[in-house]
Structures are given as C-alpha cells and as structure tokens.
C-alpha cells in the first residue's frame, strides 16, 4: 500500500512539474488556428462522423504522410549510407504488393474496429469539446502510458506468434520482407492485425478522457512503428531521446534474424528475458569489424 502511495505521489509530482514548466512557455502560435479548425469540425459534422470517418481519415493521412520520408530516401544516394540492410534495396513490386494488402487491412479490418470508437465514446461519455480538451503535457504522458501498455502486450503476443506451431499460419506474412520499409509496418495477416492491434486499444480503454487523446495516440503509435520499420537508422532522430527506445536497428535485426527483439517500442522486456542476446552478439561483432576497418584505413 505504501509503495502504491509513493508511486502515485511521484507521478503527481512529475505531472505538477511539467505543468509548472508549461506555464512559463510562450503561447503556442498554432493554438488559435487549431481551435478554429476544431470548432469548424464540431459545427459541421456529427459526433458519429467525427468518431468513425474522422478517425479513419486521420489514420490514413498520418500513416502515408509518415511513410513519405522513407519512401523518398530510396531515391537519394546520400541517404543510402544510413540504410541498415544495404544489400536489400526496396523494389516497386514489393512496395505495390505491400500497398494492396495495406488497403485491404485498413478498410476491411481496421475500419470495422474503428466503428467501435463511437459506441465506446457514447458509453463512457467521452467529450469532444474544445473547453475540456486536456493540455499537451497530459496528452503526452497518457501516450507514454499507452506505449508502455502496448509494448508489454506486443512483446508476449508477438513472441507467441513466433511459436513454430503458429508462425507459418499468421506471422509469416509480416516477415515476408526481410528488409523492412515504412509501409510494411502494417503489412500483416488480418488475424495479426487484430491480435497485436488489441494492445493499441487497451491503452485507449485505460486513459481516454477526450477524443483528441485517441488521435494523439494514433499518431504516436504510427510514428514509432513506421520509424522502426523504416530500414534507415537516421542520426539525430528525436525518438532516440525517449528512454529505452528500441529504434530501427533493433527491430530491423528482428526481421533479418527472425528470432529475438520481440518488443515494439522499448528494450526492457527483451533485456529482462534475454531475447536480445543474439542482437547484442551481432552488434558487438559489427562494432569489432568497424574498428578493424578503421585501423586498416589509418
């Protein structure tokens, strides 16, 4: 009981600290345009339209816009030095096949799941209005909490999908691409989309206090999963500032090796259960080869 109280006290202190810092920051110049756009949306569309079709549109735009940088990188020779598996370039055939499966998953699997957003919002009386919209620090902390929950779900269910009796029926589809690229983040068997996607909705059930939070969590999760599937380890990536963030190299090794590195966002579950041992050995070997190469050039 004392440990629980201490944890709550730490979280409250952290939240108050962020709020205190936020009070000194200048007003966001984008706040008024965003408020105008949000008000326009509420005045011109029903709550049903916003919850379902608005969520679908937000997901599609966010997903493909976030995929654009990685898609462009393949045409820029300078960026190829940041590609992790340089001997396996993207091909138009693979990307077109990936796009077709994505469209099926988005509209035949994910859209029906999104239809559950509206009854959820109605049942729990989740607000839409501007006045009750949480502050950015609250939304950010909730998204981090969702990432922790989803990461735990993903680790154990993803590891289960790699079981030899299950793998070939479901998860093998996602591993069709040994060298991943951004769009491939949601390339999966429909059952996998439901099984692993359930972890995304657990956080929504726990933390949702406004519609904007659902959309914020959508873009946070998409940003993370597209980044780790991008196939590029870009320097100065702001996501690397997130504590224990796995990153593109960590997950790229999973696609290359098929065993280990099962978590989606963080590294702690793999470290705890030792399922990152092959990755650590591989990383040490690569670093040793790079050191030998540098000595030879000198």
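The values are calculated or read from the model by the stated rules, or taken from the named source; none is laboratory data. All figures in this text were calculated on a predicted structure; none of them were measured in a lab. Positions of Cβ are generated from backbone atoms using ideal geometry, with glycine treated the same way; all protein chains shown enter the neighbour counts.
Some notes on this structure:
- The set of residues in the range 137-146 that are touching a helix residue (DSSP H, G or I) at 6+ places or on another chain (Cβ under 7 Å) and either under 30 Å from residue 45 (Cα atoms) or crowded, with 19+ Cβ neighbours inside 10 Å (or both) comprises 137, 139, 141, 142, 143, 146.
- Counting only helices (runs of 4 or more DSSP H) that fall entirely inside the range 83-150 and contain at least 2 residues that are free of Cβ contacts under 8 Å to residues at least 12 places away in the same chain and more than 22 Å from the chain's Cα centre (by Cα), the qualifying elements are 92-105, 117-123.
- When the range 243-270 is filtered for residues that are outside any helix (DSSP H, G or I), under 9 Å from residue 228 (Cβ atoms) and touching a residue at least 40 places away in the same chain (Cβ under 8 Å), the ones remaining, listed by number, are 264, 265.
- The selection criterion, being crowded, with 21+ Cβ neighbours inside 10 Å, over 17 Å from residue 116 (Cβ atoms) and at pLDDT below 95, holds for residue 182.
- Within the range 152-190, the residues that satisfy the criterion of being closer than 20 Å to residue 59 by Cβ and outside any loop (DSSP other than H, G, I, E, B) are 153, 154, 174, 182, 183, 184, 185, 186, 190.
- Meets criteria (buried (at least 16 other Cβ atoms within 10 Å of the Cβ), at pLDDT 90 or above and assigned to a helix (DSSP H, G or I)) for residue 240: no
- Given (1) part of a helix (DSSP H, G or I); (2) exposed (fewer than 13 other Cβ atoms within 10 Å of the Cβ); (3) at pLDDT 90 or above, index of the condition residue 75 fails: (1)
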